[in-house]
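Engineer: One structure coming up, written as structure tokens, with questions to follow.
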């Protein structure tokens, strides 16, 4: 019996020792995690998603850069007479000021984001008449990198036009949507990587994602001049903006920031312009398009039919 009790006591001591070692390992792991959090608080805190208010700088900057991406008509309303048309649109990109580009909600204390990367936007268009005054229009900007920016954007629209009187006013109604993704070094560009005062210093160039989701309705009225060769027009519309931004930056310590910024915005739009029949089958259009809450841009478009 004494031998059994001795063995039992020995097993109990071994069990307690193993339990103590396990508790010690857990405590050491907890201390290690706490030290890690204390060493890199900014890197870990930056991982939470951000939902800025509609009046914040972040939301206003996203709305401004979405302005030229909205798939507006850039054409006087007209009852389609040609089944297939091809076009090319050019839009001036608005410049975002350093003040507006400096975040105050999602990343307070950081300098201006690298937003003004391109001076303009080129977008091909193709339109297909489907009868009864209706026309489908689509566009695709392929993923070709230009000045560190790579866009893969799609846009679609359905429009209907009706002449109120022969040779008189024409009214058009149009629904449109744009979606896709733009990759660019917005958070940390090369200059920020070389700046010792920047939180980007020593990291890798960011490859951030901007998804400018837009959808809306617009109506326009046009009228003919100079025998129909010149057609001025004006209109108004409503656009729902759902821009989504995601950081993709790895700092000098190897920590990757994948924070998302999400905001939903409603915008009224006003526009006006004129379409000019420059040659048989070739039409040129200039348009001023603006959202009173954001700004104004200029668009040019050329269209031709086979």
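The numbers here are math on the coordinates, done by the rules we state, and not lab data. These numbers come from a predicted model, not from an experiment. FYI the Cβ positions are ideal-geometry reconstructions off the backbone, even for glycines, and counts take in every protein chain you see.
Engineer: Pop the C-beta distance of residue 279 and residue 79 into the FRET formula with R0 = 30 Å and round what comes out to the nearest 0.05.
Structural biologist: After rounding, the FRET efficiency stands at 0.90.
Engineer: Run the quick spin-label model on residue 219 and residue 236: label points 7 Å from Cα toward the beta carbon, then report their separation in nm to one decimal.
Structural biologist: Distance between the two pseudo-spin positions: 1.0 nm.
Engineer: Follow-up question, since we're still on this one. Order these by the 10 Å Cβ neighbour count, fewest first: 159, 255.
Structural biologist: By the 10 Å Cβ count, ascending, the order reads 255, 159.
Engineer: Å³ per residue of the Cα convex hull, for the range 162-306?
Structural biologist: 158 Å³
Engineer: Each label point is 7 Å from the Cα along the Cα-to-Cβ direction; what then is the distance between the points at residue 288 and residue 165, in nm?
Structural biologist: 2.8 nm
Engineer: Residues of the range 202-234 with the amide nitrogen closer than 19 Å to a label point 7 Å from the Cα of residue 302, along Cα-to-Cβ, please.
Structural biologist: 230-231
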